[in-house]
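One structure is given below, encoded as structure tokens.
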Amino acid sequence: IMVGPGALVGTLVPCDSKNTVVMKFPFPANRHQEKYVVATCTGGSQRFGAMLKYAGYDHLIITGRAKKPSYLKITDDNVEICDASTLWGKAGPVQTSEHLEDINKGSTGKAGVWAIGKAGETLFSTAVVWVDGISTLGMFGAAVLGSKNLKAVVSLGTKGIKVANRKRLMAVVNKVR
């Protein structure tokens, strides 16, 4: 899975919350093929992309598979794989998001959270990823996270974003608004 928040995510530019996700499906395109499909989707987020950028990351690439149910937690320079066995098979994406937001608050506010439910855990092909409690990541994303034993991805950053020419950016933002 490759995640790339847009170039202006986390700035004051209106409508800047889009994240592009490229992923390889965890199963063949159909049962008669051996080839896997790579897909791209774009989804909005309220916090996930901005918090990823505030943590200092322009892209996130997730490879491999966790040995047990886990969630990925990114807090500035600290990236860790955390145990999610108490959530796996029990909590839906909404409950998972709320729980992880509650335990991962920071000085910059709530963490951004992607979460899956039981459908994603069981690799249901059209299961979706719940993003920041307001949006979804489109079909297949939850099955991809489930195939990696990932219940969620949490991002929380405190570094902010440096803008080369703040006055010029604000002039463009004000014109757009």
Problem - Under Karplus coefficients 6.51, -1.76 and 1.60, residue-wise ³J(HN,Hα) of the stretch 144-157 in Hz, glycine/proline x - result: 5, 4, x, 5, 9, 6, 9, 6, 6, 10, 10, 10, 8, x
Fill in the blank from the handout: Relative to the chain, whose Cα atoms define the longest principal axis, helix 93-103 and its Cα axis are tilted in degrees, nearest 10, by 50 degrees
Handout entry: the chain - share of DSSP beta bridges that are antiparallel (%, nearest 5)
Key = 85 percent
Exercise for the section: Subtracting the Cα-Cα distance from 0.36 nm times the residue separation, let me have the gained length for Tyr36 to Asp76 in nm, one decimal. Expected result: 11.0 nm
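Please arrange Cys15, Cys41 by accessible surface area, largest first, computed with a 1.4 Å probe and ligands excluded.
Largest accessible area first, the residues go Cys15, Cys41.
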Handout entry: Among the listed pairs Lys73/Lys159; Lys90/Lys159; Lys24/Lys159; Lys68/Lys159; Lys67/Lys159, those beyond 26 Å (Cα-Cα)
Key = Lys90/Lys159; Lys24/Lys159; Lys68/Lys159; Lys67/Lys159
Fill in the blank from the handout: Thr126 and Thr63 label points (each 7 Å along its Cα→Cβ direction) are spaced in nm at 3.3 nm
Fill in the blank from the handout: With +1 at each Lys and Arg Cβ and -1 at each Asp and Glu Cβ, the charge dipole magnitude of the chain around its Cα centre, to the nearest 20 debye, comes out at 440 debye
Practice task
Above 23 angstrom, tally the Cα pairs of the stretch 78-162 and express them as a % of all pairs, no decimals.
Solution key: 20 percent
Exercise for the section: Would you work out the relative contact order for the chain, in percent, from Cα pairs under 8 angstrom that are 6 or more residues apart? Expected result: 26 percent
Handout entry: Per-residue ³J(HN,Hα) for the stretch 163-177, Karplus 6.51 cos²θ - 1.76 cosθ + 1.60, θ = phi - 60°, Hz, x for Gly and Pro
Key = 10, 4, 9, 4, 4, 5, 4, 5, 5, 5, 4, 5, 5, 5, 5
Handout entry: Accessible area of the stretch 49-156 divided out per residue, in Å², using a probe of 1.4 angstrom
Key = 45 Å²
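Can you give the alpha-carbon Rg of the stretch 1-103 over 2.2 N^0.38 Å, where N counts its residues?
This ratio for the stretch 1-103 stands at 1.23.
Using a 1.4 Å probe on the protein heavy atoms, what percent of the accessible area of the stretch 1-84 belongs to carbon and sulfur?
54 percent
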Completion exercise
The Kirkwood hydrodynamic radius of the chain, taken as the inverse of the mean 1/r over all distinct Cα pairs, in Å, comes to 16.6 Å
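The values are calculated or read from the model by the stated rules, or taken from the named source; none is laboratory data. Worth saying up front: this structure is predicted, and the values here are computed from it rather than measured. Note that each Cβ is placed from the backbone with ideal geometry, even for glycine, and that neighbours are counted across all protein chains shown. The accessibility values were calculated without ligands, DNA or RNA, using every heavy atom of the protein model including side chains. Shrake-Rupley method; radii C 1.70, N 1.55, O 1.52, S 1.80 Å.
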